[in-house]
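Q: To start, I am sharing the structure in question, which I have written as structure tokens.
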Amino acid sequence: MSEWFETLNGLHDRMWQRLSRGVADHKSPSRQPTLATVRDGWPEARTIVLRAADRDTATLEVYTDLQSDKIASLRDAPRGALHVWEDKKRLQIRLQCAVTILTSDTVRDRWDRMPDTGRLSYGVTPQPGAPLTDALAYDKAPDFERFAVLRCAIQTIDLVHLGDDHRRAAFTRADGWQGQWLSP
Ligand SMILES: Cc1cc2nc3c(=O)[nH]c(=O)nc-3n(C[C@H](O)[C@H](O)[C@H](O)COP(=O)(O)O)c2cc1C
């Protein structure tokens, strides 16, 4: 019996297992990936919460405020990269995604499922990134019109496993995720 990290399928399976765990488990490293976007040629990286992971469509979901700066970046360049380091599994996950911004009726079901405390993250005044005269000179009030779901359709996957040996594999949507070993 081979270990999960010794086969392309094993690595790919484990990645989806970890991402699904991230959605369900607040303590999982995959719960809080880093999402990078590009603005005027500059990379921008920030922590986000992973809200959904669907292996069948190879898509992930992230929630955000429609007035946050990342939205302007994504409208300009609808691409993002997600990064996770699963320490205990010794697995680095890097994903490149085509990002669609969903709002309004298409995201009503997610909003309805969210507790009131969660909704407070969507609707701060003044808008995220605005200068303040005092650190706490802002108000939070839930605003459905400000709630956006970033639908991230994975295009490429790059996995690195750091065991006694180092293994690296790439998977692409274009080739049906069959996978290819790479030199680490
Ligand atoms: C642990 C943690 C989780 C976060 N989760 C989210 C999130 O799910 N969505 C989001 O828009 N921002 C989230 N943030 C805030 C972002 O990291 C970032 O500060 C904010 O979205 C503004 O980013 P922007 O100016 O690049 O749009 C989180 C921050 C931390 C520290």
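Q: In deg cm²/dmol and to the nearest 500, what is the mean residue ellipticity at 222 nm of the chain if only DSSP H runs of at least 4 residues count, each as -39500 (n - 2.57), divided by the residue total?
A: Values: 4 runs with 35 residues, N = 184.
Result for the chain, helices only: -5500 deg cm²/dmol.
Q: May I pose another question? Give the relative contact order (percent, whole number) for the chain; include only Cα pairs under 8 Å separated by 6+ residues.
A: Values: 355 pairs, mean separation 38.3, N = 184.
Computed value for the chain: 21 percent relative contact order.
Q: Per 0.36 nm of contour for each residue apart, how much would the distance between residue 39 and residue 72 grow if the chain were fully extended, relative to their Cα-Cα spacing?
A: On the way: separation 33, 0.36 × 33 = 11.88 nm, distance 0.83 nm.
Computed gain between residue 39 and residue 72 is 11.1 nm.
Q: Which semi-axis lengths, in whole Å and largest first, follow from the square roots of five times the eigenvalues of the Cα gyration tensor of the range 85-136? Could the numbers behind the result be given before it?
A: Working: eigenvalues 162, 89, 43 Å².
Over the Cα atoms of the range 85-136, the ellipsoid semi-axes are 28, 21, 15 Å.
Q: Give the lysines whose C-alpha is closer than 30 Å to that of residue 140, dropping any in the same chain fewer than 8 places away, or say none.
A: Within reach: 27, 70.
Q: Averaging over all projection directions, find the projected area of the Cα convex hull of the range 4-182 and quote it in nm² with one decimal place. If you can, show how the numbers build up before the last one.
A: Numbers: hull surface 46.7 nm².
Answer in nm², one decimal: 11.7.
Q: Fewest Cβ neighbours within 10 Å first, please rank 26, 12, 161, 166 accordingly. Walk me through the intermediate numbers first.
A: Numbers: 26 8, 12 19, 161 22, 166 11.
By the 10 Å Cβ count, ascending, the order reads 26, 166, 12, 161.
Q: Sort the following peptides by mean Cβ neighbour count (other Cβ atoms within 10 Å, averaged over residues), highest first: 43-50, 70-77, 150-157.
A: Details: 43-50: 14.1, 70-77: 16.4, 150-157: 19.8.
Sorting 43-50, 70-77, 150-157 by mean packing, highest first, produces 150-157, 70-77, 43-50.
Q: Oh, and also: Assuming R0 = 25 Å, can you tell me the calculated FRET efficiency for the pair residue 138 and residue 98, based on Cβ-Cβ distance, to the nearest 0.05? Could you put the intermediate results ahead of the total?
A: On the way: r = 33 Å, r/R0 = 1.30.
For residue 138 and residue 98, the calculated efficiency is 0.15.
Q: Follow-up question, since we're still on this one. Using only Cα atoms and rounding to the nearest 10 degrees, what angle (0 to 90) does helix 8-24 make with the longest principal axis of the chain?
A: 30 degrees
Q: Taking the Cα centre of the range 4-182 as the origin, how large is its charge dipole in debye, to the nearest 20, when only Lys and Arg (+1) and Asp and Glu (-1) carry charge on their Cβ atoms?
A: 340 debye
Values in this text are rule-based calculations from the coordinates and carry no lab data. It should be emphasised that the depicted structure is a prediction, and the values quoted were computed from it without experimental measurement. Methodologically, a virtual Cβ is constructed for each residue, glycine included, from the backbone with ideal geometry; neighbour enumeration extends over all protein chains shown.
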